[in-house]
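Chemist: A single structure is presented below for examination.
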Amino acid sequence: MSKILIVYYSRKGENYWNGGLKTIDKGNTERVAEFIQKTVGGELFEVETVKPYSESYMTCIEEAKQELRADARPKIKAFPENLEDYDIIFVGYPNWWGTMPMCMFTLLEKYDLSGKTIIPFCTNEGSGMGSSERDLKKICKNAKFKRGLSVHGAESADSEEKVSAWAKKSV
Ligand SMILES: Cc1cc2nc3c(=O)[nH]c(=O)nc-3n(C[C@H](O)[C@H](O)[C@H](O)COP(=O)(O)O)c2cc1C
């Protein structure tokens, strides 16, 4: 049986929400990650940055923009162990300025993921996956990619059926 890892970044706090702002105590991407685990099993790994992003949406937007412009690699608290043992890796993140938060680059660049199956998922407020799948393919050279899933962030709590159907088909 294939061993599955679900690795994701997700931010709590104030976020953009259907055209307004809303404070959430569980991140949208985290909800989707949990639905995937409920459906196909595997282990969850949450990426956490050493320096947390601001809880204020407007400040976080600026922090993220600066990191993207600088092509930064923000430090993360921990890396998953024994990644080589996994066959299938779901990679989840919010869409930030059209791609993944830069901490996902920090994480993924550390590994040689040749031969692994990568399955991306992305929550967002309308931009879909943006360039994230292209960016992932550049980092995860020689990995096999399955079609990613875009979930509208504000609907993530109600996305179980959609997520579950996609996850089942993907593994
Ligand atoms: C810094 C930042 C940048 C964002 N940029 C975009 C964007 O370019 N396009 C988009 O559709 N949504 C954007 N969003 C909205 C998030 O992608 C969306 O709210 C997502 O579901 C948040 O997931 P999370 O709760 O797991 O962090 C942005 C949010 C933040 C905080």
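Chemist: Got a sec? Which of L68, L44, L21 is in a helix (DSSP H, G or I) and either over 18 Å from G153 (Cα atoms) or without any contact (Cβ under 8 Å) to a residue 40 or more places away in the chain (or both)?
Modeler: Result of the check over L68, L44, L21: L68.
Chemist: For M129, state whether it is hydrophobic (A, V, I, L, M, F, W, C) and either farther than 20 Å from R31 by Cα or part of a helix (DSSP H, G or I) (or both).
Modeler: no
Chemist: Quick one: would you say R73 is part of a loop (DSSP other than H, G, I, E, B), of a type outside the set (A, V, I, L, M), over 28 Å from A165 (Cα atoms) and touching a residue at least 12 places away in the same chain (Cβ under 8 Å)?
Modeler: Considered against the rule, which asks whether it is part of a loop (DSSP other than H, G, I, E, B), of a type outside the set (A, V, I, L, M), over 28 Å from A165 (Cα atoms) and touching a residue at least 12 places away in the same chain (Cβ under 8 Å), R73 comes out as yes.
Chemist: Restricting the stretch 55-91 to residues that are within 8 Å of the ligand (Cβ to nearest atom) and not aromatic (F, W, Y), which is nearest to L5 (Cα to Cα)?
Modeler: Checking each candidate, the answer is A64.
Computed from the coordinates by the stated procedures, all read-outs in this text should not be read as laboratory data. For clarity, every value in this text was computed on a predicted model and none was experimentally measured. When we count neighbours, we look across all protein chains shown, and the Cβ atoms used for this are built from the backbone with ideal geometry, even at glycine.
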